[in-house]
Amino acid sequence: MQSVVLQTVIKLLLPFIQVYGLYIIFHGHISPGGGFAGGAVMAASFVLFAMSYGVGEGFKRLPRLIAQWLESLGGLIYIALGLTGILRGAAFLTNVPEWLGQAGQLFSAGLIPLLTTAIGLKVCSTIVTLLYHLLEEGHYDSQTD
Amino acid sequence: MRVALTTFVLVAIGVILVMMVAEMPEFGAGKPASNEVSAHYVKNAVKETGASNFIAAIILDYRAYDTLGEVIVLFAGIAAVLVVLDVHKGGRGR
């Protein structure tokens, strides 16, 4: 379904949705939100684009292979950040709150914002990969009918 | 016979449930051991983690291992979905 009204509105809305998603992810340790919610908002922007412009255009903007790589990368970044705790001689996933400034600032709370970013990447690419596959099924079916 | 047996088992389970509920501490009364962890979080979370959002401090610092499990659950879920959806493509390749 290609609609000019839908495509124009989506084109105007997309930057705001993505900035809001990034805001939720990066402020996860200061205000309500975090990786799961922000990643879902980011994924909603990609899925909206793919639904209004067709799956083919969506693949051009965020190829499926890259989404699948980001998917594994998010989990691996999380584990790698956890291993830094062992490298410093503490337990797995030990936080370092002394890094980068006071509580309440954007750059604070040690590992927490980095972990939130990894989770956001992971959740976003998971939802995008899932919805790409579902949308592509419908695309394929409508072509064969 | 079966009805009587079922009724007996259900009544027995109900009695056990009522006994357990009667053993529970009153709401807000005393200081059971289960309240100490949350009291510790309320007092020390910001100081210990540096995160002013309390929820983030708990799920990404005190219980970061649990969140790693959630990430792995997401990974397993999407892997299973992709396997199931790709079955119908009949080896057309990606």
Failed condition for A:Gly85, given (1) within 15 Å of the chain's Cα centre (by Cα); (2) under 15 Å from A:Gly110 (Cβ atoms):
(1)
Starting from residues that are among the polar types (S, T, N, Q) and surrounded by fewer than 19 Cβ atoms within 10 Å (Cβ to Cβ), keep the ones in segment B:39-75 and report whichever is farthest from the other protein chains (Cβ to nearest Cβ).
B:Asn44
If only one of A:Leu76, A:Leu121, A:Leu62, A:Leu115 is under 23 Å from B:Ala79 (Cα atoms) and open to solvent by less than 20 Å² (accessible area, probe 1.4 Å), which one is it?
A:Leu115
Pick out the one residue from A:Phe92, A:Phe46, A:Phe107 that is at pLDDT 80 or above, open to solvent by 40 Å² or more (accessible area, probe 1.4 Å) and within 11 Å of chain B (Cβ to nearest Cβ).
A:Phe92
Within 13 Å of another protein chain (Cβ to nearest Cβ) and among the polar types (S, T, N, Q) - does that describe any residue in segment A:28-37?
yes
Of the listed residues (A:Thr116, A:Thr84), the one being at the interface with chain B (Cβ under 9 Å from one of its Cβ atoms) and at pLDDT 80 or above is A:Thr116
Is there a residue in segment B:21-31 that is part of a helix (DSSP H, G or I), closer than 30 Å to A:Ser31 by Cβ and over 21 Å from the mean Cα position of the chain (by Cα)?
no
Residues being of a type in the set (Ser, Thr, Tyr) and outside any helix (DSSP H, G or I): count how many of those fall in segment A:24-68.
1
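The values are calculated or read from the model by the stated rules, or taken from the named source; none is laboratory data. Worth saying up front: this structure is predicted, and the values here are computed from it rather than measured. So basically every Cβ, Gly included, is an ideal-geometry build from the backbone, and we count neighbours across all protein chains shown. The protein model used for the area step is the full one, side chains on, heavy atoms only, and it has no ligands, DNA or RNA in it. Shrake-Rupley method; radii C 1.70, N 1.55, O 1.52, S 1.80 Å.
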